[in-house]
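Trainee: Can you read through this structure? Questions will come right after.
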Amino acid sequence: MNPIAPILEVRRITKRYGAVTANDQVDLSLYGGEVHALLGENGAGKSTLSKVIYGFTRPDSGEILLAGKQVVVPTPREARALGIGMVFQNFMLIPALSVLENIALFLTDLPFIVHPKTIEKRIREFGERFGLVVDPSAPVRQLSVGDQQKVEILKLLLAQARVLILDEPTKVLAPHEVSALFRIFESLKAEGYSILFITHKLREVMACADRITVMRQGRVVGGFGPGEADLDALVTMMFGGQEAAEQLEPAERAVPPSGVGSILELRGASCPAQGSETVLRGLDLTIGAGEIVGVAGVSGSGQKELGDLILGLRSLSVGSKWFCGVDASSWSIARMRENGVAFVPEDPLLMAAVPGMSVRENLVLGTGSRYWKGVSVDWSALETAMGESFHALAFPVPRLDPPAGALSGGNLQRIVIAREMAHKPKLVVALYPTRGLDVRSATSVRDLLRRAREGGSGILLISEDLEELAEMSDRMFVLYGGALVGEFKRGEWQLEEVGHLMTGSRGAAHA
Ligand SMILES: Nc1ncnc2c1ncn2[C@@H]1O[C@H](COP(=O)(O)OP(=O)(O)O)[C@@H](O)[C@H]1O
Ligand SMILES: [Mg+2]
């Protein structure tokens, strides 16, 4: 490692998206021969910074230096020509093409031309050297996720990148693939490559990083050099200390939860995994009327599975599920919804809307038999009810004819919410309901959930955003590895402890 001059340096990078300052005066330097971890919870600004470095977005201000010289990186192509490569969260490979073809395609936009025979030879050579062995003739669609990631890294190496940026590369990997990736890091490091490893997982950082930079709310809030990292200090940096926690407590708290009559109860509920999903283990959870129960956790801890379980999309192997005092363990999703369970998902297009159908048709989805008269839908009754719901939410009433797929994410989210809230639900399952929304829409979604609480609904709020959870929840649970590992009442939680539990860096608290 050369401690004298960084290969790449960013200085005072600021990037705003509307009212959000995604990067606020960020400084970062990368040296040859190091794994530099960029750590921070969801929304901290990590991806934004990596996109700025890779020329995917332009910063509002700040500068980038390569080997001490100021450079402009207007496009990813320019970044690649400068020796900067990036592996995105979603791979950019063409499934039908072979490994060789994918890599050859990637190389065509470089200022030099490489013969396919040479490419094939290099794939084998680099594969051996760095633990990236893949068959050059294999179609990408036949490769495991781990092997596809290897192809992405090979692409960058063959394109002569010296700085490799990997945005949450472990998110898609199985544990043994994660250790394989860290071994790849080791061998790349040994040959002087510089790796920017983006993650929100503390354990991974402790396992592989030479240096660590921690971001929170768009700012660099601290960091550690080789051998200095301290887990407790990292958690405090990542989530903010007590001071931050106090700031987050709003002074007023409406009526305490009545405790009368639970809306939903899970008793020792377990679910097997399907494919790569998380196994849910022995969940005990009660949601009362007029109460918001928050579930904190880093992604992939079983959040989606928990939502699916409550909605009736997956069945229990052990334990039971109760709805308003009735055993609902074997209820279908249709029955749950007919009985007043609403669902506000993260990605409405994927989860709760059909892009090819009109907005009007989407509004009738999941409303059961309510708007059916015989064999046809009573559209005017539907429009009246939905119009009232939009009005109550202070959302603009959308045009009903265009296909749902033509709407922006925020508009579609509003439509799904208006539909879901139109009939005074008893229970609202909200899964990352504000992720991807602009600040104003996010605020109105939170207001809406609060109003539903005042109206007596029980609300399950699953989020990765600790501040949102701290602001909204009457009680908070921590989900880790498919189990509930902590429960806190409002006023009792310390975000630092919640952070530890979320990342598995400390054992279960009182539960
Ligand atoms: N294209 C965008 N438009 C609007 N806001 C964005 C955009 N990209 C990121 N943001 C916002 O910037 C902040 C930082 O996001 P991001 O860099 O993706 O964080 P991280 O990668 O650490 O999770 C978040 O509040 C996010 O909502
Ligand atoms: Mg990100």
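The values are calculated or read from the model by the stated rules, or taken from the named source; none is laboratory data. Predicted model, so just to flag it, every value in this text is computed and none were measured. Cβ atoms come from the backbone with ideal geometry, glycine included; neighbour counts cover every protein chain shown.
Trainee: Just checking, does the stretch 443-456 include any residue being within 16 Å of ligand 2 (Cβ to nearest atom), touching a residue at least 40 places away in the same chain (Cβ under 8 Å) and either within 19 Å of the chain's Cα centre (by Cα) or outside the structural domain of Val20 (by TED's automatic domain parsing) (or both)?
Mentor: Scanning the stretch 443-456 turns up no residue that is within 16 Å of ligand 2 (Cβ to nearest atom), touching a residue at least 40 places away in the same chain (Cβ under 8 Å) and either within 19 Å of the chain's Cα centre (by Cα) or outside the structural domain of Val20 (by TED's automatic domain parsing) (or both).
Trainee: May I ask you to verify whether Val73 is of a type in the set (A, V, I, L, M, F, W, C), within 25 Å of Thr199 (Cα to Cα), more than 16 Å from ligand 2 (Cβ to nearest atom) and touching a residue at least 12 places away in the same chain (Cβ under 8 Å)?
Mentor: So Val73 fits the description; yes.
Trainee: On to the next question. Whether any residue in the stretch 482-500 is without any contact (Cβ under 8 Å) to a residue 24 or more places away in the chain, closer than 26 Å to Asp308 by Cα and out of contact with any Cys (no Cβ under 7 Å at 6 or more places or on another chain) is what I want to check.
Mentor: Yes, the stretch 482-500 contains at least one residue that is without any contact (Cβ under 8 Å) to a residue 24 or more places away in the chain, closer than 26 Å to Asp308 by Cα and out of contact with any Cys (no Cβ under 7 Å at 6 or more places or on another chain).
Trainee: Which residue is farthest from ligand 1 (Cβ to nearest atom), if the candidates are limited to the stretch 156-202 and must be charged (D, E, K, R) and under 18 Å from the mean Cα position of the chain (by Cα)?
Mentor: Here the answer is Lys201.
Trainee: Can you tell me which residue in the stretch 10-23 is surrounded by the most Cβ atoms within 10 Å (Cβ to Cβ), limited to those that are away from ligand 2 (no atom under 16 Å from the Cβ) and closer than 18 Å to Gly222 by Cβ?
Mentor: Ranking the qualifying residues of the stretch 10-23, first place goes to Val10.
Trainee: Now for a separate question. Quick one: would you say Asp167 is more than 16 Å from ligand 2 (Cβ to nearest atom) and assigned by TED's automatic domain parsing to the domain that holds Asn102?
Mentor: So Asp167 fails the test.
Trainee: Let me spell it out: the conditions are (1) of a type in the set (Val, Ile, Thr); (2) touching a Lys or Arg at 6+ places or on another chain (Cβ under 8 Å); (3) under 26 Å from Thr278 (Cα atoms), and Val172 meets all of them except one. Which number is the exception?
Mentor: Going through (1) of a type in the set (Val, Ile, Thr); (2) touching a Lys or Arg at 6+ places or on another chain (Cβ under 8 Å); (3) under 26 Å from Thr278 (Cα atoms) one by one, Val172 breaks only (2).
Trainee: May I ask you to list pairs of residues, at least six apart or on different chains, whose Cβ atoms are under 8 Å apart, with the first in the stretch 28-49 being part of a helix (DSSP H, G or I) and the second being polar (S, T, N, Q)?
Mentor: Ser47/Gln89; Thr48/Asn23; Thr48/Thr57; Leu49/Asn23
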